[in-house]
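Here the structure is laid out as structure tokens; the discussion comes afterwards.
Every read-out reported here was derived from the displayed coordinates using simple, explicitly stated rules and does not represent laboratory data. Keep in mind it's a predicted model, so treat the numbers as computed, not measured. Cβ coordinates were reconstructed from backbone atoms using ideal geometry, including for glycine residues, and neighbour counts include every protein chain displayed.
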Amino acid sequence: MALEGRSLISIFDFSDREIEAVFKLAEEMAQHTRGRVGLAEGLIMCTLFYEPSTRTRLSFETAMQRLGGGVISVADASVTSVAKGETIADTVRIVESYADVIVIRNPLEGSARVAADYASVPVINAGDGAHEHPTQTLVDLYTIRQEKGRLKGVKVALVGDLRHGRTAHSLAFGLARFGAEVTLVAPPGLEMPAHLATRLDKEFNCRPAQYHSLSEMVTGEEPLKGRSGRQRALTSEVLSLFDAVYVTRVQKERFPSEQDYQKAKSSYEITEELISKARPDALVMHPLPRVDELAHAVDRDPRAVYFRQAAYGLPVRMALLAAVLGRRPARVRKARKGDYRPKPRHEVDFRKVADLRCPNARCVTNHEVYLSPHFTFVEHVPETIACAYCEYEMKAPLGPEAAQ
Ligand code: NCD
């Protein structure tokens, strides 16, 4: 399927071949990151940001301008009608009459899906709460691909607040889909949500080893979970086996209370000394911003690629915009056996059979009153449903037949 007119809300919205096509286009766009190519002449992009951002918003805006298009921007939604109580659905139906593509960041999980459901122009998710950040994943995968020459078989450790970190959520699946080997390293309490680990396993046959700290890898301690990790732990310095170490910050704004955040804060720090134990050709990555989890001294290590990683955001976002705007058709190759392809969503409105709402307090359906909660059956876990917006999973109150 062509990418023209398509929205990118989740990393699951594009097939493996479509993602590769964006990467190919990004290589071409990399020639134009300083000039101006007339690909998006006459088109306008709106960035609608309800949360702070530096890289994501500015790289999207630069990308559109380098493509020759125009930009209208809401960098702080509190100065718009949102402050008067305007809904996401109403906002995007206004913005679509001005702009040809909308890039949205909002703290509510599932919010970007709502925007895409209501807008008649493509919508790109630039981060919806703790849920997903698919364009950061494109940038992260592209970084590994350019720096290592491949994704298949690359060993990547995702380190940090994997519970709340949306970049890690989208990236774990991106890596698994392209055959990279994933290891999860999170301090106690900040581990990746169980339903995501289950999906990695059941849908993508990816069973990451899990550790509580990178130093456990240096001392060769046993991983907490994971089959392949168990063998690796027999050697000392497991850390030296990784091709990439992807560090993330503790996501302060996602904690239910300041007290909870204080407990998790400073629970890990990646130091120069620790990184010296990594492979000489390893990549130290970070979606940025960093706070205190990644020492500034690591910057002088040649393995630190996070500033380059941020720079890759420009050609990748130029490619994505050109493709969804239909100005530079991405050449999507035929799917190979085992490739991931998006499936049609079969949503069920459970209010008809049970007065069911999504239990996730940060789900957009609990904040925007006009939305009806919808759920989909989870293929790989029996009698389980997931919210169609935030993907929160729970036991189905009734069987699939009852909900028809
Ligand atoms: C990330 C985000 O917003 O989720 N930043 C980014 O887009 N590069 C990571 C973070 O804020 O920690």
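Sorted largest first, the principal axis extents computed over the alpha-carbon atoms of the stretch 105-157 equal 39, 23, 14 Å. Lys265: which lysines have alpha carbons under 29 Å from its alpha carbon, excluding same-chain residues fewer than 8 sequence positions away? Those lysines meeting the cut-off are Lys155, Lys225, Lys252, Lys277. Ranked for footprinting exposure by Cβ neighbours inside 10 Å, fewest first, His169, His380, His367 give His380, His367, His169. Using a Gaussian network model of the chain whose springs link C-alpha atoms within less than 10 Å, name the residue from Lys337, Lys202, Lys252 with the highest mean-square fluctuation. It is Lys337. Rounded to the nearest 500, the helix-only mean residue ellipticity at 222 nm of the chain stands at -9000 deg cm²/dmol, with each DSSP H run of n ≥ 4 adding -39,500 (n - 2.57). Listed by chain and number, the aspartates and glutamates whose alpha-carbon sits under 12 Å from that of Lys343, ignoring those within fewer than 8 places in the same chain, are Asp13, Glu379.
Please report the spacing between the Cα centers of the stretch 182-207 and the stretch 233-280 in Å, no decimals. Result: 16 Å between the Cα centres.
Could you sort the peptides 102-112, 369-379 by per-residue average Cβ neighbour count (10 Å cutoff), highest mean leading? Could you put the intermediate results ahead of the total?
Details: 102-112: 26.8, 369-379: 16.2.
Most protected by this proxy first, the peptides run 102-112, 369-379.
Given an 8 Å cut-off on Cα distances and at least 6 residues of separation, report the relative contact order of the chain as a percent. Let's see the in-between values first.
Values: 813 pairs, mean separation 78.2, N = 404.
Relative contact order comes out at 19 percent.
Average the reciprocal distances over every distinct pair of alpha-carbons in the stretch 247-382, invert the result, and give the Kirkwood radius in Å.
Working: mean 1/r = 0.0493 Å⁻¹.
Mean inverse Cα-Cα distance, inverted, gives 20.3 Å.
The mean sequence distance of close C-alpha pairs (under 8 Å, at least 6 residues apart), as a share of the length of the stretch 135-310, puts its relative contact order at 21 percent.
Between Pro329, Pro256, Pro342, where does the largest GNM mean-square fluctuation fall for the chain, given springs only between Cα atoms within less than 10 Å? Its mean-square fluctuation being the largest, the pick is Pro256.
Which FRET efficiency, nearest 0.05, do Lys395 and Ile44 yield, Cβ-Cβ r, R0 35 Å?
Working: r = 45 Å, r/R0 = 1.29.
For R0 = 35 Å, the calculated efficiency reads 0.20.
Before anything else, pin down the relative contact order of the stretch 66-180: Cα pairs under 8 Å, at least 6 apart, normalised by residue count, whole percent. Reported as a whole number, the value is 19 percent. As a proxy for reagent exposure, ranking Arg6, Arg333 by other Cβ atoms within 10 Å from fewest up yields Arg333, Arg6.
Only counting other Cβ atoms within 10 Å, I'd like Tyr392, Tyr98, Tyr211 sorted with the fewest neighbours first.
Numbers: Tyr392 21, Tyr98 12, Tyr211 26.
Ordered from fewest to most neighbouring Cβ atoms within 10 Å, Tyr392, Tyr98, Tyr211 come out as Tyr98, Tyr392, Tyr211.
Over the chain, the hull volume per residue, using the convex hull of the C-alpha atoms, is 144 Å³.
Extending 7 Å from the Cα toward the beta-carbon at both Leu241 and Thr54 defines two label points whose distance is 3.6 nm.
How big is the charge dipole of the chain about its Cα centre, in debye rounded to the nearest 20, if each Lys and Arg gets +1 on its Cβ and each Asp and Glu gets -1 on its Cβ? Working shown, then result.
On the way: 54 positive and 52 negative charges, 236 e Å.
It works out to roughly 1140 debye.
Taking springs between alpha-carbon atoms closer than 10 angstrom, which of Val218, Val101, Val185 fluctuates most in the Gaussian network model of the chain? For the chain, modelled as a Gaussian network with Cα springs under 10 Å, the answer is Val218. For the pair the stretch 88-153 and the stretch 15-37, the centres of their Cα atoms are 17 angstrom apart.
A Cβ-based charge dipole, computed about the Cα centre of the stretch 135-310 with Lys and Arg at +1 and Asp and Glu at -1, lands at about 680 debye.
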